[in-house]
Each structure stands twice: as C-alpha cells, then as structure tokens.
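Asker: Pasting a structure here, questions to come.
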Amino acid sequence: MKKNISWITILDIIVYSVIIGFVAYGKSQSNFGQEAFDKVIREDGWVEYLTALFLLLGSILFASKAVKAKKQKSGKKVFFNVLASFVFFFGLGEEISWGQRIFSVQSGEYFMQNNYQGETNLHNLEIGGVDLNILIFSKLMFVALISYFIILPILTWKVKAIRKLVIDFGVPIPRLHHIIVLLAVNTFIPLAINLVKESELHELALTGILFLILINPAKTIKDVSLTS
C-alpha cells in the first residue's frame, strides 16, 4: 500500500522560508526607498531567477505527469498536464523575456515601440492604450487564482460532479497551508511595501507555492467516495 505524503513536508518549510525571507528582505530595503527596493527585485536577480526556476520545475513536473498519463491511456490527464506544462513554460519564457538578456538578443522594432520596457515579452506590451500586464496578467490572473485557491477546493469537496472532473483530469488541489501562506504573504506585501514592482515578490510567492502544490497536493479525493 502506498504511503501517504505527510500533510506538510520539509520541502514546504524550505520554500516557505525562502519566500518569507525575500519578502522580509524586500520590506527592510523598502524602508530606504524605491532605489534600495529595486536592488532586491532587479532584472536577472535572485527573485526573478527563483521565480523562473519554480516555473521551469513546474513545467517539467506537468510534462512528466503527461507522459505517465499517456502510459495509463488517460486522455483527459494527458490533455490537462500538457496544457499546464505549456502554461508554465510560457510563464518561464515571459519571466526571462525568452532569454533575451541571457543571450544578449536585441528586441525587434515592434517590441521596442510597443513594450514599455523594450523587452521581447507579451506581459509588458501596451496595445491601443491597453496595458496587457494589467488586463491579462493582473485582473484576469486575480480571478483565476481566486477560482483555483478558494472556489475550486470548496467545490471539489462539496460537489460530486466537480470532484469527478478533478479526479479525471488529475488537477492538483492546494492544501490548506498552501492557501493560508499565499493569502498571508500576498496581503502583507502591498500593505508593508507598496512600491513599484512589488509584483515581483507576488510572483515569487505564487510560483513557489504552485510548485509545492504539484509536489504535495491535497489528497486527490480517491479516498472520498464519489457516491457520497
């Protein structure tokens, strides 16, 4: 019989410590103003690369789950995990501007004119006066995260049809401590720091916790009768 992974693991504690440590460091530097805080969340710094690392690991984990699902001939799980792996890889590419600075690649004319940081990525584009970062990567992302971290766990446990879909597609559900830490950290950041690009710390917290959910999700309800 397969032994259940413990409710909270050493890896959870390590990643939480990293997240909280950088948030605390960001808070301490923010006391000295924007310039000091910018050194914490600078491009190609620890915060950005750790965020990129969590996205990369997430993409790899989803891809490996897709391979396993294919061997089990579970089409729904293959579809979900391939899609999720792509989303994480896309997030990774956007986070590092698709390797532009790493490989010293100059942005094309379109991005120079429409990207307010002059980078080769979509999330900093401004098209027709619409800031894609605010519209898609902030507002829509907020709705998606509320749905995933709050609404979906409740529906999974309360609604049989939703529970069945979660099991069929192999959707990892956050544990209670994942939700608590994410809410606590993302509430603290704007209240305590409230400076330009504080979102970099939000991204670190989110990607780190999503990685933890993939490693140690809530029990996938296989122990809970679908007929209950």
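Asker: Across segment 51-84, what is the total count of residues that are touching a helix residue (DSSP H, G or I) at 6+ places or on another chain (Cβ under 6 Å) and under 30 Å from A192 (Cβ atoms)? Give the derivation first.
Answerer: Looking only at segment 51-84, we keep the residues that are touching a helix residue (DSSP H, G or I) at 6+ places or on another chain (Cβ under 6 Å), and these are 51-52, 54-59, 61-63, 65-66, 69-70, 76-78, 80-82, 84.
Add one more test, that the residue is under 30 Å from A192 (Cβ atoms), and what stays is 51-52, 54-58.
So the answer is 7.
Asker: I'd like to verify a number: residues in segment 165-196 that are open to solvent by 20 Å² or more (accessible area, probe 1.4 Å), touching a helix residue (DSSP H, G or I) at 6+ places or on another chain (Cβ under 7 Å) and outside any helix (DSSP H, G or I), how many?
Answerer: 4
Asker: Does segment 88-116 hold any residues that are open to solvent by 70 Å² or more (accessible area, probe 1.4 Å), in a helix (DSSP H, G or I), among the hydrophobic types (A, V, I, L, M, F, W, C) and at pLDDT below 95, and which are they?
Answerer: The answer is W98, M112.
Asker: Moving to a separate point now. Taking F37, is it modelled with pLDDT of 95 or more, touching a Leu at 6+ places or on another chain (Cβ under 8 Å), under 17 Å from I213 (Cα atoms) and part of a helix (DSSP H, G or I)? I'd like the intermediate steps shown before the answer.
Answerer: Numbers: modelled with pLDDT of 95 or more: yes; touching a Leu at 6+ places or on another chain (Cβ under 8 Å): yes; under 17 Å from I213 (Cα atoms): no; part of a helix (DSSP H, G or I): yes.
Spelling it out, it is not the case that F37 is modelled with pLDDT of 95 or more, touching a Leu at 6+ places or on another chain (Cβ under 8 Å), under 17 Å from I213 (Cα atoms) and part of a helix (DSSP H, G or I).
Asker: Cβ contacts < 9 Å: first residue polar (S, T, N, Q), restricted to segment 66-93; second residue outside any helix (DSSP H, G or I), any location; separation 6+ or different chain. Result?
Answerer: S74/G170; N81/G170
Asker: Another one. State all residues of segment 19-46 that are within 19 Å of the chain's Cα centre (by Cα) and among the hydrophobic types (A, V, I, L, M, F, W, C); if no residue qualifies, say none.
Answerer: The answer is I19, I20, F22, V23, I41, W46.
The values are calculated or read from the model by the stated rules, or taken from the named source; none is laboratory data. Treat the numbers as computed from the prediction; the structure is a model and nothing was measured. Note that each Cβ is placed from the backbone with ideal geometry, even for glycine, and that neighbours are counted across all protein chains shown. Surface accessibility is based on the protein's heavy atoms, side chains included, excluding ligands, DNA and RNA. Shrake-Rupley method; radii C 1.70, N 1.55, O 1.52, S 1.80 Å.
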